[in-house]
Amino acid sequence: MLAPYLDYARLKRNLSVLDVPAAQHFLDSEKDTQLGNQFRREYLRELARRGQWSQFIDFDVNVRSPGTELRCMRLRALLEAGAYKAARQEFESLRATVTVCRMPAIRHSPRRAAKAG
């Protein structure tokens, strides 16, 4: 009964170096549980922090109550993967409910813009 919570605590402590197979093993064993869902959200945040967008997309399934932060990360992952149609749908869904996503600003150099024009 306590084993899943001990596994969760161990994995969470090592989240910054946790590999995909270990995370997947835990999620498979805790499928459809609150603990599994919480771990999935935390691991998704870690994958986003690492910039591992393709893995993010792989793990971004069946997240209950993802919240604005994870939805913005999903949008970024879709854009990074070149899934523009899905990204547009996610953007439209977000736009209807959220005012701001924290994403790195894209800065354009005025000189570059002048050369391009």
Original post:
Can you pull the three principal axis extents for the Cα set of the stretch 1-101, in Å, largest first?
Top reply: 42, 23, 20
**OP:** Could you state how much accessible area S16 has, in square angstrom rounded to the nearest 10, with a 1.4 Å probe and all protein chains kept in place?
**Re:** 70 Å²
**OP:** State in Å² the accessible area per residue of the stretch 17-104; use a 1.4 Å probe, count heavy atoms of protein chains only, and round to the nearest integer.
**Re:** 61 Å²
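The values are calculated or read from the model by the stated rules, or taken from the named source; none is laboratory data. This structure is a prediction, so every number in the text was calculated from the model and none was measured. Accessible surface is based on the protein model in full, side chains and every heavy atom, while ligands, DNA and RNA are left aside. Shrake-Rupley method; radii C 1.70, N 1.55, O 1.52, S 1.80 Å.
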